[in-house]
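Student: One structure, as structure tokens, below. Some questions next.
The values are calculated or read from the model by the stated rules, or taken from the named source; none is laboratory data. Source: prediction; values computed, not measured. Don't worry about glycine lacking a Cβ; one is built from the backbone with ideal geometry, like all the others, and counts go over all protein chains shown.
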């Protein structure tokens, strides 16, 4: 797209994805208030978060395929409209059941936004500038993912919890109107735009059952009350895996499958997916373990802990644009490996903090983690986005989001298990979690390095 229109299109893309990512964590701080306001129990209120996450995850691949068939901008705008309308439903919910249902609907809209986000970036930038566009997108996602609690605290300091959702209305309307005029409107290939209903049902069943079962197993391991208990959670995971086997067997027989197994036959794409899952597993382990380390283990205040953790996203914001400019000059696999090794060193150094560290001792370690993460994310996303053929750009974009959420789910479940075994209220448990995170980052660096001698396309592999 020409430069002026490109800037407007990116503004729409970045605002939409910011809203989607923010709403993953923006309600966490409001859960106690929601419990009191709606006369709900604390375990039941967790579904306000879980419903959004599950709905987003299960809709990524169906929406990505739909984007490849009818046009990515149409799916993006439809997802944005649904997200905005559902936000109104959240704001006016009078019961927990109504709020959870509205959050699930909001998650479906978020799935539409996330599924084609990277495909739209690819359609917006010329190839020689695509690295910069992906870096800008990565910085926005990284910033929004850690800004949720701060924005929630600001809103809740002057208003009640429904305003966390009401603020989406004016932003959503403006972004929708701008998007109609600015987004790259490229219709998909001619042919039926309908999605295979059975494939969509199998996709939803597999991801939903495995996610809910794994999340419940993690909570049970941490000693938290759950809605179904550990045996029931194990049954959910087992049922999800059985559905997954049926789903994969069905997908293998299709030329353009909903679960893009055809893209996983591209070696560099498969390695990039493994890199992403391992890296985001490390990120989630660290992000959740760090507050416990600072608050419970080292006795810092909430303000001190928040300021220290900010060193990570600030370093990511600095590193990501640098990585974007290096894309095309330095191989993605090499740049990703360097970043992930730096991240692994930062996590290991944080795991082995001295007993009474100074704030500067903590800050430089977290900055090292953020620097490495910023160097990894943009080139890895660049490979995932550009490896598929243009006709499968939406599928690649959907897989990028799926890899991120899968890695974060794995990280959160592992963390719950670690806390159940070693405790969370002393430095010991969080330090072990950070050590495991360093191992995940190192494994991701290995996957990234393997791409250096790997063909980028299925044709080259053959």
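Student: Quick one: is residue 130 surrounded by fewer than 23 Cβ atoms within 10 Å (Cβ to Cβ), assigned by TED's automatic domain parsing to the domain that holds residue 38 and in a helix (DSSP H, G or I)? Let's see the steps before the verdict.
Tutor: Values: surrounded by fewer than 23 Cβ atoms within 10 Å (Cβ to Cβ): yes; assigned by TED's automatic domain parsing to the domain that holds residue 38: yes; in a helix (DSSP H, G or I): yes.
Criteria met by residue 130.
Student: Scanning region 6-58 for residues that are at pLDDT below 85 and closer than 27 Å to residue 179 by Cα, which turns out surrounded by the most Cβ atoms within 10 Å (Cβ to Cβ)?
Tutor: My answer is 26.
Student: Could I ask something else about it? Suppose we filter region 2-48 for residues that are without any contact (Cβ under 8 Å) to a residue 24 or more places away in the chain and closer than 20 Å to residue 153 by Cβ; how many remain?
Tutor: 6
Residue-wise test of (1) free of Cβ contacts under 8 Å to residues at least 40 places away in the same chain; (2) under 21 Å from residue 397 (Cβ atoms); (3) crowded, with 24+ Cβ neighbours inside 10 Å; (4) in contact with a strand residue (DSSP E or B) (Cβ under 9 Å, 6 or more places away or on another chain).
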| position | (1), (2), (3), (4) |
| --- | --- |
| 274 | no, yes, no, no |
| 281 | no, yes, yes, no |
| 287 | no, no, no, no |
| 291 | yes, no, no, no |
| 295 | yes, no, no, no |
| 303 | yes, no, no, no |
| 312 | no, no, yes, no |
| 326 | no, no, no, no |
| 331 | no, no, no, no |
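Student: Oh, and also: On the basis of being part of a helix (DSSP H, G or I) and more than 13 Å from residue 448 (Cβ to Cβ), does residue 255 make the cut? Can you show your working first?
Tutor: Working: part of a helix (DSSP H, G or I): no; more than 13 Å from residue 448 (Cβ to Cβ): yes.
Considered against the rule, which asks whether it is part of a helix (DSSP H, G or I) and more than 13 Å from residue 448 (Cβ to Cβ), residue 255 comes out as no.
Student: Could you tell me how many of the residues in region 354-395 are in contact with a helix residue (DSSP H, G or I) (Cβ under 6 Å, 6 or more places away or on another chain) and either part of a helix (DSSP H, G or I) or under 25 Å from residue 342 (Cα atoms) (or both)? Spell out the reasoning first.
Tutor: Filtering region 354-395 down to residues in contact with a helix residue (DSSP H, G or I) (Cβ under 6 Å, 6 or more places away or on another chain) leaves 362-363, 365-385, 387-388, 393-395.
Cutting the leftovers down to either part of a helix (DSSP H, G or I) or under 25 Å from residue 342 (Cα atoms) (or both) gives us 362-363, 365-385, 393-395.
Residues that pass the stated criteria total 26.
Student: Going by the structure shown, is residue 218 surrounded by 21 or more Cβ atoms within 10 Å (Cβ to Cβ), modelled with pLDDT of 90 or more and over 22 Å from residue 400 (Cβ atoms)? If you could, list the steps in order and put the result at the bottom.
Tutor: On the way: surrounded by 21 or more Cβ atoms within 10 Å (Cβ to Cβ): yes; modelled with pLDDT of 90 or more: no; over 22 Å from residue 400 (Cβ atoms): yes.
Against the criterion (surrounded by 21 or more Cβ atoms within 10 Å (Cβ to Cβ), modelled with pLDDT of 90 or more and over 22 Å from residue 400 (Cβ atoms)), residue 218 does not qualify.
Student: Next question. Name, by its number, the condition in (1) surrounded by fewer than 22 Cβ atoms within 10 Å (Cβ to Cβ); (2) at pLDDT 85 or above; (3) closer than 23 Å to residue 117 by Cβ that does not hold for residue 398.
Tutor: Status for residue 398: all satisfied but (1).
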